[in-house]
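Asker: Below are the structure tokens for one structure; questions will follow.
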Amino acid sequence: MEHLISIDDVTPEEVDEIIERATVYKMIRQDAISWSFVQRASMISHMNKLLISVFYAPSTRTRFSFEAAMSYLGGHVIGTENAAEFSSVKKGESIADNFRVISGFGDVIVGRFRNEGDARIAADASLVPVINGGDGMGEHPSQALIDYYTIRTALPEMPSWITFVGDNRRSRTVKSLCRLLTSCTRINEIVFVSPPGLEPDPEFIEELEFEQVSVSICTDIREEMLLETTPVVYVTRSQNECSDNQFDGSQYAFTPDLLKRLNPNAIIMHPLPRNSELPVEIDADPRAKYFEQARNGLFVRMALLEKICS
Ligand code: CP
């Protein structure tokens with residue numbers, strides 16, 4: 001893996017390696033393994049590497065967890081949380097020139113981009129590996145690794161199907177996770193629940209069907225015993241910043257009354273941030289895994305940085 005721009009840049013074997021290392025890092029961070037044992041067994045990398053974080057669009061989880069991950073690995077971090085304002089892109093510099101120059105100062109760059117395709121432009125210009133921390137409606141591959149890790153650790157076995165509720169048209173996390181699941185698991189059915197206008201693009205459905213995945217589309221999660229049977233409900237907010245079409249997430253909200261009907265063994269996921277589509281009343285339910293999912297970002301990104309810098 002040179003760059004991580006699309007989840008297709010990682011092989012299933014590399015995904016497994018990252019998941020295994022993330023498990024070790026989670027145990028270390030949760031003190032399930034003592035530091036002295038870890039150091040004796042050389043279980044943790046001490047990387048004298050510099051991560052540069054270049055975010056042209058807002059982020060909480062991605063930026064902080066990547067920066068924390070490199071710090072815990074013993075590396076260093078520089079960057080800006082608002083590259084659109086505080087880099088020379090503000091003065092008209094292209095993304096390609098920006099990355100060509102910045103890449104001369106560090107060992108790996110994580111970037112967030114307003115427009116789909118800009119992450120690939122940045123990677124093509126860069127002298128060091130680039131990790132796409134989200135590019136418009138494109139992809140968010142490290143989030144897919146986190147989501148996969150969360151499903152694998154929260155459920156006794158990988159499910160053969162999954163239900164996505166929300167903005168299935170513009171959500172980059174949905175795209176990257178679907179692609180990862182089709183390449184790394186035996187998933188054979190994906191259900192998309194969205195209001196009209198937020199269904200996945202026909203081209204994306206074709207792509208999944210080409211991979212032998214059965215795709216169903218509906219407008220209400222109360223339909224067809226979905227709630228009672230689905231092993232995973234993955235909710236997304238309406239990505240209104242990505243286009244002029246504005247949608248209110250409350251029209252497909254996962255409200256507390258749905259919990260009563262939800263499969264008792266299911267998990268509820270969300271890449272966060274959330275809006276009205278995921279009321280806070282859901283948080284206390286043991287099936288709600290989204291804060292654990294966010295925290296897993298640290299361990300998975302430690303494993304990813306170690307892999308991509310090696
Ligand atoms: N899930 C995610 O990408 O969150 P941020 O936008 O806060 O980074």
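The values are calculated or read from the model by the stated rules, or taken from the named source; none is laboratory data. These figures come from a predicted structure and were not determined experimentally. Note that we place each Cβ from the backbone using ideal geometry, even for glycine, and neighbour counts take in every protein chain shown. Areas reflect the complete protein model, heavy atoms only, side chains present, ligands, DNA and RNA absent. Shrake-Rupley method; radii C 1.70, N 1.55, O 1.52, S 1.80 Å.
Asker: Quick one: which residues, 5 or more positions from residue 76 or on another chain, have an amide H under 5 Å from its amide H? H modelled 1.01 Å from N in the peptide plane, none for Pro or chain starts.
Answerer: For residue 76, the qualifying residues are 49, 50, 51.
Asker: Using per-residue counts of other Cβ atoms within 10 Å, averaged over each peptide, order 191-199, 254-262 from highest down.
Answerer: By packing density, highest mean first, the sequence is 191-199, 254-262.
Asker: Could you work out how much longer the chain between residue 212 and residue 158 gets when fully extended? Use 0.36 nm per residue separation minus the Cα distance between them, nm to one decimal.
Answerer: Going from the current span to full extension adds 17.7 nm.
Asker: To continue, here is another question. If I compute solvent accessible area with a 1.4 Å probe over the protein chains, what percent of it on the chain is carbon and sulfur?
Answerer: 49 percent
Asker: Using all alpha carbons of region 189-267, what is the percent of pairwise distances in each 5 Å bin, ordered from the shortest bin to the longest?
Answerer: 3, 13, 23, 22, 20, 12, 6, 1
Asker: Further question on the same structure: In nm, to one decimal, how far is the residue 89 label point from the residue 265 one, both placed 7 Å along Cα→Cβ?
Answerer: Taking the simple label geometry, residue 89 and residue 265 are separated by 4.5 nm.
Asker: In addition: Compute the angle between helix 61-72 and the longest alpha-carbon principal axis of the chain, please, reported from 0 to 90 degrees and rounded to the nearest 10.
Answerer: 40 degrees
Asker: First measure r as the distance between the Cβ atoms of residue 257 and residue 23, then evaluate 1/(1 + (r/R0)^6) with R0 = 35 Å and state the FRET efficiency to the nearest 0.05.
Answerer: It comes to 0.45.
Asker: Continuing with the same structure: In whole angstrom, how long is each semi-axis of the equivalent ellipsoid of region 53-173, when you take the square root of 5 times every eigenvalue of its Cα gyration tensor and sort them from largest down?
Answerer: Numbers: eigenvalues 158, 63, 28 Å².
They are 28, 18, 12 Å, listed from largest to smallest.
Asker: Same structure again: Could you run the Karplus curve 6.51 cos²θ - 1.76 cosθ + 1.60 with θ = phi - 60° over region 231-243 and give me ³J(HN,Hα) per residue in whole Hz, x for Gly and Pro?
Answerer: x, 9, 10, 10, 9, 10, 7, 7, 7, 5, 6, 8, 7
Asker: A further question on this structure: If you take every residue apart from residue 87 with its C-beta less than 12 Å away from the C-beta of residue 87, what net charge results, scoring Lys and Arg +1 and Asp and Glu -1? Intermediate results must be reported in sequence, preceding the final value.
Answerer: On the way: positive: 90, 91; negative: 81, 85, 93, 97.
That works out to -2.
Asker: At a 10 angstrom cut-off on C-beta neighbours, averaged per residue, how do the peptides 159-171, 265-277, 206-218 rank from highest to lowest?
Answerer: Going from most to least packed, we get 159-171, 265-277, 206-218.
Asker: With the Cα gyration tensor of region 111-213 in hand, convert its eigenvalues to equivalent ellipsoid semi-axes via √(5λ) and list them largest first in whole Å. It would help to have the intermediate numbers written out before the result.
Answerer: On the way: eigenvalues 117, 62, 30 Å².
Square roots of five times the eigenvalues give 24, 18, 12 Å.
Asker: OK, next. Quick check: net charge around residue 129, other residues with Cβ under 11 Å of its Cβ, Lys/Arg +1 and Asp/Glu -1?
Answerer: Value of the local net charge: -1.
Asker: Counting heavy atoms of the protein chains only and a 1.4 Å probe, report the per residue accessible area for region 78-149 as a whole number of Å².
Answerer: Values: 2860 Å² over 72 residues.
Using a 1.4 Å probe on heavy atoms only, each residue of region 78-149 averages 40 Å².
Asker: With +1 assigned to the C-beta of every Lys and Arg and -1 to the C-beta of every Asp and Glu, and no other charges, what is the dipole magnitude of region 261-310 about the Cα centre in debye, to the nearest 20? Working shown, then result.
Answerer: Details: 7 positive and 6 negative charges, 34 e Å.
It works out to roughly 160 debye.
Asker: While we're looking at this one, here's another question. Once the principal axes of the Cα atoms of the chain are found, what is the range along each, listed largest first in whole angstroms?
Answerer: 54, 51, 37
Asker: If you don't mind, another one. For residue 284 and residue 223 in one chain, what is 0.36 nm times their gap in residues minus the Cα-Cα distance, to one decimal in nm?
Answerer: 19.5 nm
Asker: A further question follows. Once you have all Cα-Cα distances for region 88-153, histogram them in 5 Å bins from zero and send the whole-percent values.
Answerer: Result, from short to long distances: 4, 18, 23, 23, 15, 8, 5, 3, 1, 0 percent.
Asker: Provide, as a two-decimal number, the C-alpha radius of gyration of region 159-310 over 2.2 N^0.38 Å, N being how many residues it has. Spell out each step's value before the answer.
Answerer: Values: Rg = 15.4 Å, N = 152, 2.2 N^0.38 = 14.8 Å.
Taking the Cα Rg and dividing by 2.2 N^0.38 Å, one obtains 1.04.
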